[in-house]
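Enquirer: One structure is given below, represented as structure tokens, and several questions about it will come after.
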Amino acid sequence: MDTNGPAGERAGIVGRRLPRMEDRRLLTEGGTYVDDLQVAELAGAARVTFVRSPVAHGIISGIDTAAALAEPGVVAVLTGRDMDDLPAQDGPMAEPLLNAGRVRYVGEPVALVITDGRYQGEDAAELVAVDYEPLPAVTDPADALADETLLFPATGSNLADSGGDDPGAGDALFEGCDVVVGTALVNQRVAPVPLEVRGAAARWADDRLTVWASTQNAQITRGMLAERLGLDEAAIRVITPDVGGGFGAKIGTDRDTIAVAWAAIQTGRPVCWSETRSENLVGMTHGRGQRQVVRIGGTRDGKILAYRLDVIQDCGAYPRGAYLAYLTRLMASGAYEIPRVECGYRAAVTNATPIDAYRGAGRPEATTAIERAVDLFAAGIGMDPAQVRRKNVVPPASFPYTSPTGAKYDSGDYAAALDKVLAAADYEGLRAEQARRRERGGPVQLGIGLASYVELTAGDYRSGETGKVEVHEDGSATVLTGSSPQGQGHVTSWAMLVTEELGIPMADVTVVSGDTDLIPRGTGTYGSRSLQLGGAAVQKAATEVRERGRSLAAELAGASPAEMELDARRGLWRVRGEAGIEIEWGKVAGHAGDEGLAADVLFVPSQPTFPFGAHLSVVEVDTETGLVRLLRHVTADDAGLVLNPLIADGQRHGGIAQGVAQALLEEVVYDADGNPLTSTLADYAAITATELPSFELVVSQTPTTVNPLGAKGIGEAGTIGATPAVLNAVIDAVAHLGISHIDMPLTPQRVWAAISEAQSGAATGASR
């Protein structure tokens, strides 16, 4: 961490495991989410209910709203045909707010009903008669690229984006390799399932729009509202109450929230909306959704020489997430120093819910591909997978390291993280136990899976982040931050930074976020950017306040600024070497006069950061039923210097849980006609504590020089490492049966089917 000022001027709380200050309110009083708002501006607010398409692909030939309008409590029924005065959208695959022409997925909004009460809206929405002319649907992105069923006929293709390396090099890439192996992978579509579903409220008064939204960034939401509604940003205020989870799916805003704001303008009445869980599972953007093909080659002594990854990205009905494949390509080679790397990608639109960012956004997909490839290569040459990883990871002396696809890794010690995990898990002991079980031949076999990973955080670093610190005459301080929390512990973290620099007690530090009138500049929270950008801005603002305070305290003491020192443990200024003169922050702030004692900072780093780590997963697989039981999960997740290990560990736990969930349970499924089969939590298998052991977290901290805190992102790390580690562990448990790969999720049915197929093949071979 930056050490501006003498060491005695720092409080020494950085690195301590301090409980989160915000938790008492959230656990006792409860948070205030969009659906809980009780503000004067929303008095008498009407409710918005969306009418959503029940067909995956079709032409709307008519919408009859008469029956709905006749229902009690109905204020208005609005459709896309009422939106002619809104700005036209650019691009041939633009996404309308309310679709009045060709619907492209089940759940797409086609109308909205405004009523006095919530339940009146549900009844009236059922009476909106929409005539659809059904069209064939395509939900497989590989099939979509055949262009037999076009979602946007004017484009002549379902290809939304493509890039990377052309596959024309063919086998030339693998010249000189003793062994070349490969396989096809499915990184399946998943749903974010935040605890708080989407919601918004809006009020139009005095030619100004106020929107309360469950979003990860109020300022970006304001910009999106201005663009779609044709308003100046100065005419819009966005307020973010407590947000119950986002995971990337609440970055900015989507068509539903914008339509709610438009409805407030149309009716002149405040309106509010909160979706149901079933709406959320089909309406909120999904994540992942890649088809991958990997080939990897190297020498028999374990050196990887070449790697090829080809990606087909499922975009869903609109190409919001076409960029995800680019991020996968950027991180294709993972933690390994591979001389020759190629990655090509194509992104296709399909008749399914749009795909966009979800915890890791393209980087978990890259890690899963390379980690499966490394295990396949290890098996192909008969070498332990840990040994292959240790032999090929980027060595410390190579940093800063630029990967073959252009990622500029800032710092790391990948082998050290791997060795820490292997030692903590007793890797040799686990392999010995696995060998004993295989020798006994019992039905329950042991699997050990590894993953070494590196990930990109704060990828949009050029936008930076804002932080303002102000000290008041009562000795308290206020932080205004462009970062916006959804459970990351920003209140505690930002208070710690102010206390560290100024000595003002954490309890006297108020953190404000998510209000564009109070914080007009900001970028928000996503891509694990908060601490390294938002925190760095707060820290820099606090140091500027400290130096301004030094001058003011010197004036009060009749000394020079160089003679003043801050007792940061007590929050008092004094003249160095003199006893008796102690000046509190409140007095210093009062002496600042009308200009106040504050600093407002935009921090922009020189580049992104690249956290890294290693995961080891231990599973039991019942070969008679296919049931997988996760026994242990050991990780070293290196995010540079850690401000608060308790908060960082919480982020790791949550990320690991979501990574395990994708490997074992979660998958969004559609039938051949594009109907979602996982639109309730009875059908979509979100993970719970029942399926998870206590995670074993190993400490690893390798600082970066990219920001003064030395910090990297931690929010996505657990997810990125966990998925391939669990996947590799399950396949490892049954590899001796002749199984080299199973696609996720590794449900009992899927694992049992793979075992049965392998046994059937072995029996057929024996009979010959």
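Read-outs throughout are calculated quantities, based only on the coordinates presented, and are distinct from any laboratory measurement. All of these numbers come straight from a predicted model, not from anything done at the bench. We place every Cβ from the backbone using ideal geometry, glycine too, and count neighbours over all the protein chains shown.
Enquirer: Cα atoms only: what Rg and Dmax, in Å, come out for region 563-687?
Expert: 27.1, 82
Enquirer: Just to be sure I understand, if you calculate Cα extents along the principal axes in Å for this structure, which of (i) 83, 72, 45; (ii) 103, 57, 51; (iii) 99, 73, 47 do you get?
Expert: (iii)
Enquirer: Also: Measure off 7 Å from each Cα along the Cα-to-Cβ vector at D23 and A235, then give the distance between these two points in nanometres to one decimal.
Expert: Taking the simple label geometry, D23 and A235 are separated by 4.6 nm.
Enquirer: Next question, about the same structure. Ignoring everything except DSSP H segments at least 4 long, calculate the 222 nm mean residue ellipticity for the chain; use -39,500 (n - 2.57) per segment, divide by total residues, nearest 500. Present the calculation step by step, with values, prior to reporting the outcome.
Expert: On the way: 18 runs with 214 residues, N = 768.
My calculation for the chain gives -8500 deg cm²/dmol from helical runs alone.
Enquirer: Can you tell me the convex hull volume per residue for region 329-417, based on C-alpha atoms, in Å³ to the nearest whole number?
Expert: Convex hull volume per residue, Cα atoms: 129 Å³.
Enquirer: Name the aspartates and glutamates eligible as straight-distance cross-link partners of K712: C-alpha to C-alpha under 15 Å, and not fewer than 8 places from it in the same chain.
Expert: Correct list for K712: D2, D410, D413, E455, D460, E465, D637, D638, D649.
Enquirer: Below 12 angstrom from the Cβ of N158, what's the summed charge of the other residues (Lys, Arg +1; Asp, Glu -1)? The partial results should precede the final answer.
Expert: Values: positive: R104, R346; negative: D140, D143, D147, E148, D161, D314.
Summing Lys and Arg as +1 and Asp and Glu as -1 gives -4.
Enquirer: For the pair E555 and A762, what calculated FRET efficiency results from E = 1/(1 + (r/R0)^6), where r is the Cβ-Cβ distance and R0 = 60 Å, to the nearest 0.05?
Expert: Numbers: r = 87 Å, r/R0 = 1.44.
Computed FRET efficiency for A762 and E555 comes out at 0.10.
Enquirer: Another question, if that's okay. Grab the other residues whose beta carbon is less than 13 angstrom from that of L665, score K and R as +1, D and E as -1, and report the net.
Expert: -2
Enquirer: Still on this structure: Cβ under 11 Å from T328's Cβ, T328 left aside: what net charge do those residues give with Lys, Arg +1 and Asp, Glu -1?
Expert: +1
Enquirer: Assuming 0.36 nm per residue, please report the length gained on full extension of the stretch E122 to A70 beyond their Cα-Cα distance.
Expert: 17.3 nm
Enquirer: Between T688 and R208, what is 0.36 nm times their sequence separation minus the Cα-Cα distance? Round to one decimal in nm.
Expert: Numbers: separation 480, 0.36 × 480 = 172.80 nm, distance 4.33 nm.
Taking 0.36 nm per residue and subtracting the Cα distance, the gain is 168.5 nm.
Enquirer: Another question, if that's okay. Taking a spot 7 Å from the Cα of D600 along the direction of its beta carbon, which residues of region 503-522 have an amide N less than 17 Å from it?
Expert: Residues 512-522 fall inside that zone.
Enquirer: Using the basic label-point model (7 angstrom from Cα toward the beta carbon), what is the D171 to D36 distance in nanometres?
Expert: With each label placed 7 Å out from Cα toward Cβ, I get 6.4 nm.
Enquirer: At q = 0.18 Å⁻¹, what is the log10 ratio I(q)/I(0) for region 635-768, with the Debye formula run over Cα points and no solvent?
Expert: -1.02
Enquirer: When you have a sec, figure out the Kirkwood radius of region 85-206 from all distinct Cα pair distances and drop it here in Å to one decimal?
Expert: Numbers: mean 1/r = 0.0497 Å⁻¹.
About 20.1 Å for region 85-206.
Enquirer: Quote to one decimal, in nm, the extra length available between S398 and E439 on full extension: 0.36 nm per residue of separation minus the C-alpha distance between them.
Expert: On the way: separation 41, 0.36 × 41 = 14.76 nm, distance 4.25 nm.
Contour length minus the Cα-Cα distance gives 10.5 nm.
Enquirer: Rounded to the nearest 0.05, what FRET efficiency do R569 and L631 give with R0 = 45 Å and r taken as the Cβ-Cβ distance? Could you check? Kindly include the intermediate steps, with their values, before the conclusion.
Expert: Details: r = 45 Å, r/R0 = 1.00.
That gives a FRET efficiency of 0.50.
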